[in-house]
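Novice: Starting off with a structure, shown below.
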Amino acid sequence: MDSENRAPSYFRNWISVIGIIFSIIMFVTIASLFLLDFLFKVDNPYLGIVTYMVAPAFLIFSLILILVGAWIERTQRHKRGYVRRFPVIDFNNPTHQKWMYTAWGVITMFLLFSAIGIYRVYNFTESNTFCGRICHTVMKPEYTVYHNSSHARVTCVQCHIGHGAEWYVRSKLSGAYQVYSVLANRFSRPIETPIKNLRPAQETCEQCHWPQQFYGAVEQDHHYFLPDETNTQWKTRMLMFVGGGTPPYGKREGIHWHMNISNKVYYIATDEKRQTIPWVRRIGMDGKEEIFVDEESGYTAQNPPKGELRTMDCMDCHNRPSHIFKSPTDAVNEAMTSGTISASLPYIKREAVKALVGKYASDEEGVKKIQNSLEGFYQKKYPLIWSGQKDKIDQAIKTIVGLYQMNFYPEMNVSWKVYPENIGHFISPGCFRCHSGRHKTADGRMIATDCTSCHAIIAQGAPGAMETKVEGLEFKHPDQAVGEAWKDMPCFDCHTGDIA
Ligand code: HEC
Ligand code: HEC
Ligand code: HEC
Ligand code: HEC
Ligand code: HEC
Ligand code: HEC
């Protein structure tokens, strides 16, 4: 073919040229970021977004630009009267053959890279980095404490999404709305729970935990410090009856009795947080149905409250398997037990809790005021200890600041108070939402409340002077002044996570 009388390529126009330049730049950028990600495993959420979402979008845009330029050029030439519309391709022509092979190669490469790219996008949007670190402020509380939980090796999506295309798509649709609400600054602080569309536990938790396996009892040790000058110690050792999965294994009436294997429990809550549960239905193995109603609520078996009828599953008790925001008393007790806060400092339990529960506008303010309040206290009240045991005080303050940063997030209004834990009955109703002593059938049968239905206290008392009994002891309150008040009042009426 004679190049002299061949029309110049349609791609010779400014739009296409810009498109070509940008495509090359984007291609090189993506290729280098790709290598960076593969070779060095850089853990930066923004790198992922740029490599697998933003840059490919620009590349596709640039490629479209090339075609648009050519299209405009062609239309204009057509108007000016060019006759030839489409190039004639002749496979016997060696030049055309060469072009064909090149085009074929480029298209194959493009498809291959797109496939890898799409796969990487899929993986990336399922990663902890994507879930936890993109919306930095929003997810910071959950992301931080998650790393401290027994599920730190379980990915966010294993609990929040689970297997299957349907839930993947659903999660991305709601995810798109979440991205919008973050960009538009319309998300609630704190994030509302319970999560309305959380996938049922059968398809998440039970992929790893085998419900039938629960039997026998597990031992728990609780170590407490009273808020007095000597931080008086108290220990309680208990056996939790975690059985109940299947009758052949141990005690049938254990805690995991509720788990839909031999029994089903349904309930209706009258508040958003599912903390008030006046109406409970149980269907036993034999198909027998019983309805328990809170006798003070005014509802009856036939006249239930309005609201969603929920089937009880793991999350109704284990609502904090991974995002545990500890109460100040729990957090300080644990640190004192491990020795990172020295129990020999006078009033350290009381002062640490007091400092942690203060209202602070930001993380920095909290850290500073906690330091000031504790330093001020020892400087003023115990000058000898302040001068003689400064290193112990410094170590304690460092630990308390750490506890604050782990469990309190003023920017999101997150603390133990907004996310009540449903395991137990110490500082929130938990089990006592139903095991209240008021939930009864029409003929007066009550959901169990005696202290030994769920656990047995096998030892309690001051360390070194503990009374023990394998069959179980009656609970003794650590603060003698409280006496037997716990028999008439639930613990959470006095205990809130602060000093009672
Ligand atoms: C072991 C399972 C599990 C894992 C792993 C997990 N979550 Fe959760 N997450 C839950 C449960 C259960 C809830 C509470 C649901 C409720 O109360 O409705 C929750 C609640 C949340 C909430 C709502 C606010 C709150 O504190 O209740 C956010 C946000 C969240 N998770 C983010 C994450 C992120 C980000 C990751 C990964 C870094 C993650 N989750 C990993 C089980 C899990
Ligand atoms: C991908 C697997 C996986 C999934 C999904 C999972 N877990 Fe776990 N879970 C584990 C493993 C492994 C452990 C033991 C961790 C250890 O002991 O260090 C564990 C421990 C636990 C414990 C005991 C430890 C503790 O902190 O008291 C509870 C309770 C628990 N899981 C509840 C749940 C609940 C509820 C869900 C669903 C929201 C869930 N798990 C989802 C793997 C999983
Ligand atoms: C009625 C409330 C309740 C329900 C429902 C429930 N659990 Fe538990 N579970 C408990 C309590 C209470 C404990 C013991 C105390 C603790 O772990 O803090 C426990 C302990 C556990 C443990 C640790 C047991 C051990 O041997 O150390 C695992 C794991 C667990 N539950 C998983 C699950 C899973 C998975 C489900 C759903 C299939 C579930 N639980 C449903 C209340 C419940
Ligand atoms: C939604 C209501 C509800 C909640 C919340 C609840 N339970 Fe239950 N539980 C029941 C019902 C209903 C029964 C069956 C009562 C009956 O038939 O006597 C039951 C029975 C039990 C039993 C068997 C008692 C026996 O010996 O008869 C144990 C153990 C138990 N629950 C432990 C717990 C623990 C521990 C928690 C908190 C982690 C808890 N439950 C939270 C409704 C609930
Ligand atoms: C419906 C079951 C149930 C009943 C009834 C029950 N408990 Fe508990 N108790 C629990 C669970 C679950 C926990 C939480 C264990 C944990 O922290 O994992 C708990 C925790 C405790 C603790 C440790 C508190 C802490 O967190 O440090 C004490 C002490 C205790 N119970 C005493 C009692 C006494 C006294 C009674 C009788 C008035 C009683 N319990 C009745 C289920 C029950
Ligand atoms: C009438 C109010 C009242 C009731 C009810 C009550 N307590 Fe207490 N409790 C106190 C006071 C006051 C203290 C000493 C101050 C403090 O530590 O909060 C205390 C201290 C404690 C402590 C040691 C301090 C800590 O929190 O580490 C434990 C543990 C405790 N109580 C457990 C329980 C349990 C479990 C129940 C329910 C079975 C219960 N209390 C019921 C008032 C009460």
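Novice: Per the 1.4 Å probe, what fraction of the accessible area of the chain, in percent, lies on carbon and sulfur atoms?
Specialist: Here it works out to 61 percent.
Novice: Do any of Lys326/Lys476; Lys440/Lys476; Lys235/Lys392 go past 30 Å between their Cα atoms, and which?
Specialist: Checking Cα-Cα distances, every pair stays at or under 30 Å.
Novice: Can you give the charge dipole size of the range 445-500 about its Cα centre, rounded to the nearest 20 debye, using +1 on the beta carbon of Lys and Arg and -1 on the beta carbon of Asp and Glu?
Specialist: Dipole size: approximately 160 debye.
Novice: With r defined as the distance between the Cβ atoms of Thr276 and Thr340 and R0 fixed at 30 Å, what FRET efficiency is calculated, to the nearest 0.05?
Specialist: 0.20
Novice: Report the relative contact order of the range 122-232, percent, no decimals, based on alpha-carbon pairs under 8 angstrom and at least 6 residues apart.
Specialist: Averaging sequence separation for qualifying contacts and normalising by length gives 21 percent for the range 122-232.
Novice: Just how large is the dipole of the range 328-412 about the Cα centre, in debye to the nearest 20, putting +1 at every Lys and Arg Cβ and -1 at every Asp and Glu Cβ?
Specialist: Dipole magnitude for the range 328-412 comes out near 400 debye.
Novice: I would also like to ask the following. Gain in length, Trp210 to Lys398, computed as 0.36 nm per residue apart minus the alpha-carbon separation, to one decimal in nm?
Specialist: Stretched out fully, the Trp210 to Lys398 stretch lengthens by 63.6 nm.
Novice: Before anything else, pin down the relative contact order of the range 328-412: Cα pairs under 8 Å, at least 6 apart, normalised by residue count, whole percent.
Specialist: 40
Novice: Kyte-Doolittle mean at least 1.6 and Cα extent at least 24 Å along the axis: which DSSP H helices of the chain qualify?
Specialist: Helices passing the filter in the chain: 14-40.
Novice: Taking the Cα centre of the chain as the origin, how large is its charge dipole in debye, to the nearest 20, when only Lys and Arg (+1) and Asp and Glu (-1) carry charge on their Cβ atoms?
Specialist: 2080
Novice: For His96 and Thr29, calculate 0.36 nm times their separation in residues minus their Cα-Cα distance, and state this gained length in nm to one decimal.
Specialist: 21.1 nm
Novice: Please work out the FRET efficiency for the pair Arg310 and Thr468, using the Cβ-Cβ distance as r and a Förster radius of 41 Å; give the result to the nearest 0.05.
Specialist: 0.50
Novice: Now for a separate question. Could you report the accessible area of Lys288 in Å², rounded to 10, computed with a 1.4 Å probe on the protein chains as they sit in the structure?
Specialist: Only protein atoms counted, so the area is about 120 Å².
Novice: Arrange the residues Ile458, Ile60 by how much accessible surface each exposes, largest first, with a 1.4 angstrom probe.
Specialist: Ranked from most to least accessible, the order is Ile60, Ile458.
Novice: Here's another thing I want to ask about it. Would you mind getting me the FRET efficiency between Gln371 and Trp104? Use the beta-carbon distance for r and R0 = 51 Å, nearest 0.05.
Specialist: 0.15
Novice: While we're here: Given the peptides 232-243, 7-18, 442-453, arrange them by the average over their residues of other C-beta atoms within 10 Å, most packed first.
Specialist: So the order, starting with the most tightly packed, is 232-243, 7-18, 442-453.
Novice: From Cα pairs below 8 angstrom and at least 6 apart in sequence, can you work out the relative contact order of the chain, rounded to a whole percent?
Specialist: This gives 14 percent for the chain.
Novice: Something else about it: With unit charges on the beta carbons (Lys and Arg positive, Asp and Glu negative) and the dipole taken about the Cα centre of the chain, which residue among Asn333, Ala459, Leu356 sits farthest to the positive side?
Specialist: Most positive-ward Cα: Leu356.
Novice: While we're here: Send over a whole-number figure in Å² for the accessible area per residue of the chain, probe 1.4 Å.
Specialist: Solvent-accessible surface per residue comes out at 60 Å².
Novice: At a 1.4 Å probe radius, which order do Val293, Val482 fall into by accessible area, largest first?
Specialist: Putting Val293, Val482 in descending order of accessible area: Val482, Val293.
Novice: Starting from the Cα-Cα distance between Glu364 and Ala57, subtract it from 0.36 nm times their residue separation and give me the gain in nm to one decimal.
Specialist: Gain on stretching Glu364 to Ala57: 106.6 nm.
Novice: Turning to a different aspect of this structure: Can you give the direction-averaged projected area of the convex hull of the alpha-carbon atoms in the range 129-187, in nm²?
Specialist: 4.2
The values are calculated or read from the model by the stated rules, or taken from the named source; none is laboratory data. Since the model is a prediction, treat every value here as computed from it, not as a measurement. In this analysis, Cβ positions are derived from the backbone assuming ideal geometry, glycine residues included, and neighbour counts consider all displayed protein chains. Heads up: the accessible areas ignore ligands, DNA and RNA and are worked out on the full protein's heavy atoms, side chains in. Shrake-Rupley method; radii C 1.70, N 1.55, O 1.52, S 1.80 Å.
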